[in-house]
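Visitor: The structure is given below, and queries will be raised subsequently.
The values are calculated or read from the model by the stated rules, or taken from the named source; none is laboratory data. Note that this is a predicted model, so its numbers are computed, not measured. Cβ atoms come from the backbone with ideal geometry, glycine included; neighbour counts cover every protein chain shown. For the accessible areas, the whole protein counts, side chains as well, though only heavy atoms, and no ligand, DNA or RNA atoms are used. Shrake-Rupley method; radii C 1.70, N 1.55, O 1.52, S 1.80 Å.
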Amino acid sequence: MNRRIWFARTGALRPLIGAGIASGAVVAVGVSAAAPPPVVGLPDAGAFVRMALPGARVVAEVAAVGVVGALVLAALLASTGDDRDKAVRVAGRLAGWWAILSAFMVVLTVADALGQGIPEVFRVLGPAVGRLSVALAWLVVANLAALVWVGSRLELPPGWLLAGAIVGVAPVALTGHSSSGGDHDIASDSLMLHVIAMSVWAGGLVALLAVARRSYGATAARTYSAIALACWIAVVVTGLVNASLRLAVDELGTRYGLLVVAKLAAAILLGGFGYLHRQRTLRQLDSAQARPFLRLAAVEVLLMLVTIGLAVGLSRTPSPLGARRRLSATEVLIGFPLPDPPSLGRLLAGWRPDLVFGTLAVAAAVWYLYRVGRRTEPWPVERTVAWLAGCAVLFIATCSGLGEYEPAVFSAHTVVRLLVGLVAPALLALGKPRALLGPVRVWLPRPEVAAFAASAIPVVLYGFGLYDGLAGQHWARLVILGCSLAAGVALFARTSRTPVVVVALAHGLTGLVLLCRETALGRGFYSRLALEWPHDVNGDQVLAGWVTLGVAVVVAGYAVRPAVVKPLLGVPSRTG
């Protein structure tokens, strides 16, 4: 490596990152300091906690951005093994700092919430963390960051580490202002996607600065440009969605509204920088003229880090809409009202967008059609139909009336999980997407591991009763459906028959448990919903049990169909 190349070494980025962190922290602390003073007579943690909390959060979030960016470089941009290894080592060091700062944020969050100084808060830290969702979220982040650090030391594949880092930036976004009030399901999802997109966007640009003068710098910049455009669109759209749920148009002049306008202006300006890159600096980079790209990108990074400070300040500012809106018990618990009981018409014709799984379904369909369109060889139509059908099942299960009633009706939850975890993956597998990836290698777990994961989810949730404590929690819904989808995709990606039969048996056993269980799962949560229509939770659980048994039979039939059909046709059958 040529040590004289400007920005070629990661160490050369330290002054730029340092200036960005300082600017972002000053903005965050300044916005927090402009808040109304504490009410006289109420507990106050003191000026140190009030100022340290936003400042430390900026540093922690920049560390997270650095981890994500280094792993984006290792997994997607770097074309040499040496640079990939260095990027993973840098990510590991930053992950260690991320974990430490997140642990510090746990202490600061508890101190701020209880109005106690740092020395006093340690006496009640353990019990308080369990009662404060934001503090618990930071504790989860600290553990996930530590796992990324351990994974880098164990030299796990960069793709795994990147997935872990992206998951690590999500928990805090699912707490705070967006997790309460009306439409908090959409607000939480939009903020989570917003934070993830911003982390990939900003982190990827920082990483690109480190390798812009490499022989593959121009190619890496073109790859990052496509990623950055998608992230910018996601940041703007999710930001507007979240703001529209918390702010009325005539409230743009409030303190909260001005911060939202400032963030939007920064995003538009950053989009302009991206446009200049595509029109000028990327072409110059193709001609080995890296200096114009580096100069513009350095300014862009500074603005991104300042925007992170704005975001931290915004997160500590209550929205005017939330302060004056009165909500029903149903809206408080699930985010929206359910005035009418479920019916076939409402389940099929109802609509409530799911920004996570609905967007994933649409993106998967668009990607597949794009890859098929670029092929020069014929592609079987039945594969395309199967893939699009799987995307449609995923979309309908999470965005239709079925998804709308899923948080409040256990049988609807069961149907959604079965569709997302079994039906959609089976259809997606028939689309043979791995054949469209070209030289890209995709790691898949062994069939027995995938079968264990797909079997453990229903057994643990419903057989062991874990769902009783998770009912109604939006973050738990994301984890349950996400893990079910991932396990299902891994299960059906291979043609092994025995693992699928094992999963069918596990679901059949779970269905029997639901039929025989005397106490309804989630009864405590469902009783607090105060629905305006009769809701027989025990009868609903029996319905869920029969549905689970029926799907188990269908899945078993899907698994053994080659052994039954092929002998009838005179074709030798293969076991797996």
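Visitor: What number of residues in the range 228-253 are part of a helix (DSSP H, G or I) and open to solvent by less than 40 Å² (accessible area, probe 1.4 Å)? Break it down stepwise before answering.
Guide: We begin by selecting, within the range 228-253, every residue part of a helix (DSSP H, G or I); these are 228-246, 249-251.
Keeping just the survivors that are open to solvent by less than 40 Å² (accessible area, probe 1.4 Å) gives 228, 231, 234-236, 238-239, 242-243, 245-246, 251.
Number satisfying all stated conditions: 12.
Visitor: Another question about this same structure. Just one of T510, T519 is in the same structural domain as P447 (by the TED database) and more than 30 Å from A329 (Cα to Cα); which is it?
Guide: Values: T519 fails: more than 30 Å from A329 (Cα to Cα).
Answer to the check: T510.
Yes or no, residue by residue, for (1) basic (K, R); (2) within 30 Å of V59 (Cα to Cα); (3) assigned to a loop (DSSP other than H, G, I, E, B):
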site	(1), (2), (3)
V312	no, yes, no
L327	no, no, yes
T330	no, no, no
L333	no, no, no
G345	no, no, no
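One line per residue, one yes/no per condition, for (1) open to solvent by 80 Å² or more (accessible area, probe 1.4 Å); (2) more than 14 Å from S411 (Cβ to Cβ); (3) assigned to a loop (DSSP other than H, G, I, E, B):
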| position | (1), (2), (3) |
| --- | --- |
| V502 | no, yes, no |
| L509 | yes, yes, no |
| L512 | yes, yes, no |
| A520 | no, no, yes |
| A530 | no, yes, yes |
| N538 | no, no, no |
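Visitor: Being modelled with pLDDT of 85 or more, open to solvent by 20 Å² or more (accessible area, probe 1.4 Å) and either farther than 17 Å from T219 by Cα or of a type in the set (V, I, T) (or both): is that true of L310 here? Quick ask: steps written out before the conclusion?
Guide: Numbers: modelled with pLDDT of 85 or more: yes; open to solvent by 20 Å² or more (accessible area, probe 1.4 Å): yes; either farther than 17 Å from T219 by Cα or of a type in the set (V, I, T) (or both): yes.
Judged against the criteria, L310 is a match.
Visitor: Let me ask something else. Scan the range 274-290 for residues that are within 15 Å of L205 (Cα to Cα) and charged (D, E, K, R) and jot them down.
Guide: Passing the criteria: only R278.
Visitor: Still on this structure, please answer the following. How about the range 423-435: which of its residues are open to solvent by less than 10 Å² (accessible area, probe 1.4 Å) and assigned to a helix (DSSP H, G or I)? Talk me through it step by step, then tell me what you get.
Guide: Our first condition is that a residue be open to solvent by less than 10 Å² (accessible area, probe 1.4 Å); within the range 423-435, this holds for 424-425, 431.
The answer is A424, P425.
Visitor: Further question: Hey, among the residues in the range 121-156 that are out of contact with any helix residue (DSSP H, G or I) (no Cβ under 8 Å at 6 or more places or on another chain) and farther than 19 Å from A99 by Cβ, which one's most open to solvent (accessible area, probe 1.4 Å)?
Guide: R123
Visitor: From the list H184, H194, which residue is in the same structural domain as V29 (by the TED database) and without any contact (Cβ under 8 Å) to a residue 60 or more places away in the chain?
Guide: Numbers: H184 fails: without any contact (Cβ under 8 Å) to a residue 60 or more places away in the chain.
Being in the same structural domain as V29 (by the TED database) and without any contact (Cβ under 8 Å) to a residue 60 or more places away in the chain holds for just one of H184, H194, which is H194.
Visitor: Moving on. Looking at this structure, is Y256 open to solvent by 10 Å² or more (accessible area, probe 1.4 Å), over 19 Å from H277 (Cα atoms), aromatic (F, W, Y) and part of a helix (DSSP H, G or I)? Lay out the reasoning, then the answer.
Guide: Values: open to solvent by 10 Å² or more (accessible area, probe 1.4 Å): yes; over 19 Å from H277 (Cα atoms): yes; aromatic (F, W, Y): yes; part of a helix (DSSP H, G or I): yes.
So Y256 fits the description; yes.
Visitor: Give the number of residues within the range 63-116 that are over 25 Å from the mean Cα position of the chain (by Cα) and of a type in the set (S, T, N, Q).
Guide: 3
Visitor: Turning to a different aspect of this structure: Please verify whether A476 is assigned to a helix (DSSP H, G or I), without any contact (Cβ under 8 Å) to a residue 24 or more places away in the chain and open to solvent by less than 40 Å² (accessible area, probe 1.4 Å), treating the condition exactly as stated.
Guide: Values: assigned to a helix (DSSP H, G or I): yes; without any contact (Cβ under 8 Å) to a residue 24 or more places away in the chain: yes; open to solvent by less than 40 Å² (accessible area, probe 1.4 Å): yes.
Yes.
Visitor: I would also like to ask the following. Of the residues L209, L193, L205, which is crowded, with 22+ Cβ neighbours inside 10 Å, in contact with an Asp or Glu (Cβ under 8 Å, 6 or more places away or on another chain) and under 21 Å from E61 (Cβ atoms)?
Guide: Details: L209 fails: in contact with an Asp or Glu (Cβ under 8 Å, 6 or more places away or on another chain); L193 fails: in contact with an Asp or Glu (Cβ under 8 Å, 6 or more places away or on another chain).
So the residue among L209, L193, L205 that is crowded, with 22+ Cβ neighbours inside 10 Å, in contact with an Asp or Glu (Cβ under 8 Å, 6 or more places away or on another chain) and under 21 Å from E61 (Cβ atoms) is L205.
Visitor: Okay, moving on. Suppose the filter is out of contact with any helix residue (DSSP H, G or I) (no Cβ under 6 Å at 6 or more places or on another chain) and either free of Cβ contacts under 8 Å to residues at least 12 places away in the same chain or within 27 Å of L470 (Cα to Cα) (or both); does L174 pass it? Give the derivation first.
Guide: Details: out of contact with any helix residue (DSSP H, G or I) (no Cβ under 6 Å at 6 or more places or on another chain): no; either free of Cβ contacts under 8 Å to residues at least 12 places away in the same chain or within 27 Å of L470 (Cα to Cα) (or both): yes.
Considered against the rule, which asks whether it is out of contact with any helix residue (DSSP H, G or I) (no Cβ under 6 Å at 6 or more places or on another chain) and either free of Cβ contacts under 8 Å to residues at least 12 places away in the same chain or within 27 Å of L470 (Cα to Cα) (or both), L174 comes out as no.
Visitor: Enumerate the pairs (first residue in the range 237-263 and within 20 Å of D183 (Cα to Cα); second residue anywhere and part of a helix (DSSP H, G or I) and of a type in the set (G, A, S)) with beta-carbon separation below 6 Å, excluding pairs fewer than 6 apart on the same chain, so at least 6 apart or on different chains.
Guide: So the pair list comes out as T238/S190; V241/S190; N242/A187; N242/S190; L245/A187; L247/G257; E251/G257; V260/A243.
Visitor: Quickly run through the range 401-422 and pick out the residues that are polar (S, T, N, Q) and open to solvent by 10 Å² or more (accessible area, probe 1.4 Å).
Guide: S411
Visitor: Follow-up question, since we're still on this one. Does P318 satisfy the criteria of being outside any helix (DSSP H, G or I), in contact (Cβ under 8 Å) with a residue 12 or more places away in the chain and either open to solvent by 70 Å² or more (accessible area, probe 1.4 Å) or closer than 22 Å to G421 by Cβ (or both)? Walk me through how you get there before you give the answer.
Guide: On the way: outside any helix (DSSP H, G or I): yes; in contact (Cβ under 8 Å) with a residue 12 or more places away in the chain: yes; either open to solvent by 70 Å² or more (accessible area, probe 1.4 Å) or closer than 22 Å to G421 by Cβ (or both): yes.
For P318, the condition - outside any helix (DSSP H, G or I), in contact (Cβ under 8 Å) with a residue 12 or more places away in the chain and either open to solvent by 70 Å² or more (accessible area, probe 1.4 Å) or closer than 22 Å to G421 by Cβ (or both) - is met.
Visitor: How many residues does the range 467-509 hold that are charged (D, E, K, R), in contact with a helix residue (DSSP H, G or I) (Cβ under 6 Å, 6 or more places away or on another chain) and at pLDDT 90 or above? Even if it seems obvious, please write down each step before you answer.
Guide: Residues of the range 467-509 charged (D, E, K, R): 468, 477, 494, 497.
Filter once more, so that each one left must be in contact with a helix residue (DSSP H, G or I) (Cβ under 6 Å, 6 or more places away or on another chain): 494, 497.
Among the residues that remain, those that are also at pLDDT 90 or above are: none.
Matching residues across the range 467-509 total 0.
Visitor: Separate question: What helices (runs of 4 or more DSSP H), lying completely within the range 99-171, carry at least 3 residues that are over 20 Å from A52 (Cα atoms)? Step through it out loud before you land on a result.
Guide: Details: elements: 118-121, 125-131, 133-153, 158-168.
Per the criteria, 125-131, 133-153, 158-168.
Visitor: Among the candidates L305, L294, L282, L269, single out the residue that is in contact (Cβ under 8 Å) with a residue 24 or more places away in the chain, out of contact with any strand residue (DSSP E or B) (no Cβ under 9 Å at 6 or more places or on another chain) and either of a type in the set (S, T, Y) or surrounded by 21 or more Cβ atoms within 10 Å (Cβ to Cβ) (or both).
Guide: Values: L294 fails: either of a type in the set (S, T, Y) or surrounded by 21 or more Cβ atoms within 10 Å (Cβ to Cβ) (or both); L282 fails: either of a type in the set (S, T, Y) or surrounded by 21 or more Cβ atoms within 10 Å (Cβ to Cβ) (or both); L269 fails: either of a type in the set (S, T, Y) or surrounded by 21 or more Cβ atoms within 10 Å (Cβ to Cβ) (or both).
Matching residue, one of L305, L294, L282, L269: L305.
Visitor: For the range 452-473: of the residues being among the aliphatic types (A, V, I, L, M) and assigned to a loop (DSSP other than H, G, I, E, B), which is surrounded by the fewest Cβ atoms within 10 Å (Cβ to Cβ)?
Guide: Step one: of the range 452-473, the residues among the aliphatic types (A, V, I, L, M) are 453-454, 456-457, 459-461, 466, 470-471.
Filter once more, keeping what is assigned to a loop (DSSP other than H, G, I, E, B): 466, 471.
On the way: L466: 15, A471: 20.
Of everything passing the filter in the range 452-473, L466 is surrounded by the fewest Cβ atoms within 10 Å (Cβ to Cβ).
Visitor: For the condition among the polar types (S, T, N, Q) and under 18 Å from Q279 (Cβ atoms), what is the one hit in S225, S215? Outline the logic, then answer.
Guide: Values: S215 fails: under 18 Å from Q279 (Cβ atoms).
When all the criteria are applied, what remains is S225.
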